[in-house]
1. Within segment 186-211, work out how many residues are surrounded by 15 or more Cβ atoms within 10 Å (Cβ to Cβ) and either among the acidic types (Asp, Glu) or within 21 Å of Asn144 (Cα to Cα) (or both).
2. Which one of Lys116, Lys121, Lys130, Lys103 is in contact with a helix residue (DSSP H, G or I) (Cβ under 9 Å, 6 or more places away or on another chain) and among the basic types (Lys, Arg)?
3. All but one of (1) modelled with pLDDT under 95; (2) more than 12 Å from the ligand (Cβ to nearest atom); (3) among the charged types (D, E, K, R) hold for Lys121; which doesn't?
4. For segment 7-17, does any single residue satisfy the condition of being more than 10 Å from the ligand (Cβ to nearest atom), over 30 Å from Leu173 (Cα atoms), in a helix (DSSP H, G or I) and at pLDDT below 90?
5. Since Asn93 meets every condition but one in (1) in contact (Cβ under 8 Å) with a residue 60 or more places away in the chain; (2) closer than 18 Å to Ser178 by Cα; (3) buried (at least 18 other Cβ atoms within 10 Å of the Cβ), which condition does it not meet?
6. Starting from residues that are assigned to a helix (DSSP H, G or I) and more than 15 Å from the ligand (Cβ to nearest atom), keep the ones in segment 126-161 and report whichever is surrounded by the fewest Cβ atoms within 10 Å (Cβ to Cβ).
7. What pairs come up if the first residue lies in segment 41-67 and is touching a residue at least 12 places away in the same chain (Cβ under 8 Å), the second is of a type in the set (Phe, Trp, Tyr) and in a loop (DSSP other than H, G, I, E, B), and their beta carbons are under 7 Å apart, counting only those six or more places apart or on different chains?
8. Filtering segment 60-71 down to residues that are touching a helix residue (DSSP H, G or I) at 6+ places or on another chain (Cβ under 7 Å) and at pLDDT 95 or above, which residue is farthest from Leu134 (Cα to Cα)?
Amino acid sequence: MTLSYGGKIYKIQKITSRMSSYIGNVSNIFLEYEKLWAKASQIPGYITKYEGLTLYMLSAAYSAMGNIIELGPFCGRSSVIIGQGMLSTISDNKLICIDDFSKQKSQTFPSMNNPKEELLKNIKYFNLEKIFTLYDMDSSAALNLFNKQTAGMIFIDSKHTEKQIRKEFPAALNIINSNGVILLHDYKNLHVEKKYSKWITENIVMQYETVYIKDSTPKYAGNGLLVIMQK
Ligand SMILES: C[S@@+](CC[C@H](N)C(=O)[O-])C[C@H]1O[C@@H](n2cnc3c(N)ncnc32)[C@H](O)[C@@H]1O
């Protein structure tokens with residue numbers, strides 16, 4: 001019997017009970033995520049289906065290591081996915097969202113003129129109020145308010161400029177747990193000529209262990225999620 005995964009073929013002699021329970025758990029995660037995505041995708045936002053699946057699974061895993069911090073929740077599409085991932089595990093850590101709503105200019109969703117109100121409505125609808133805190137302020141200034149080693153995961157999706165990421169990434173490193181994970185969304189996009197900027201390449205991609213997640217379906221034309229782990 002063979003199994004093809006990630007472009008590799010694995011020979012399997014026998015399905016053990018441990019393997020079948022693992023496969024069962026993974027199937028459950030997919031089923032739960034399909035139901036969640038059906039609702040979360042109604043929220044105006046930029047995270048795509050499979051980027052969201054990565055956020056969901058990593059949130060479930062890394063919430064055990066500390067709080068999860070999101071920079072740039074906008075209306076909450078990514079936040080509710082992260083929050084539901086956190087609720088699927090036993091942890092009393094918090095989801096901390098930071099957005100300077102005064103900086104919000106949405107060309108994609110011009111009718112969305114009150115994203116803060118929309119975010120709070122969605123947090124309530126997805127039953128996340130008890131784990132949720134919002135800082136309505138600049139992301140890099142807010143990151144400096146937290147103590148070292150207190151975040152298990154930090155998701156960066158705010159203002160995609162070189163100037164901003166150069167403030168946010170060091171501030172994120174300062175508070176992430178040494179086994180935690182930092183994610184960047186959409187940094188290989190038109191703002192930076194469809195590739196990472198020189199600073200991101202030299203200071204992040206070349207310095208850390210990274211995985212790049214991108215939806216291949218044209219319908220989900222996201223610009224990818226960079227998952228950054230410490231070596
Ligand atoms: C691309 S949207 C985030 C989309 C959301 N994560 C999603 O997947 O639907 C970017 C958000 O970053 C916020 N933002 C921009 N500059 C910021 C800053 N300096 N500090 C905090 N938030 C900022 C904007 O207000 C906006 O809500």
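1. 4
2. Lys116 is the lone residue from the list that is in contact with a helix residue (DSSP H, G or I) (Cβ under 9 Å, 6 or more places away or on another chain) and among the basic types (Lys, Arg).
3. (1)
4. Yes: one or more hits.
5. Among (1) in contact (Cβ under 8 Å) with a residue 60 or more places away in the chain; (2) closer than 18 Å to Ser178 by Cα; (3) buried (at least 18 other Cβ atoms within 10 Å of the Cβ), the lone unmet condition for Asn93 is (1).
6. Step one: of segment 126-161, the residues assigned to a helix (DSSP H, G or I) are 129-131, 139-143.
Those left that are additionally more than 15 Å from the ligand (Cβ to nearest atom): 129-131.
Numbers: Glu129: 11, Lys130: 9, Ile131: 20.
My answer is Lys130.
7. Every condition considered, the pairs that remain are Pro44/Phe109; Gly45/Phe74.
8. Checking each candidate, the answer is Ile68.
The values are calculated or read from the model by the stated rules, or taken from the named source; none is laboratory data. Predicted model, so just to flag it, every value in this text is computed and none were measured. We place every Cβ from the backbone using ideal geometry, glycine too, and count neighbours over all the protein chains shown.
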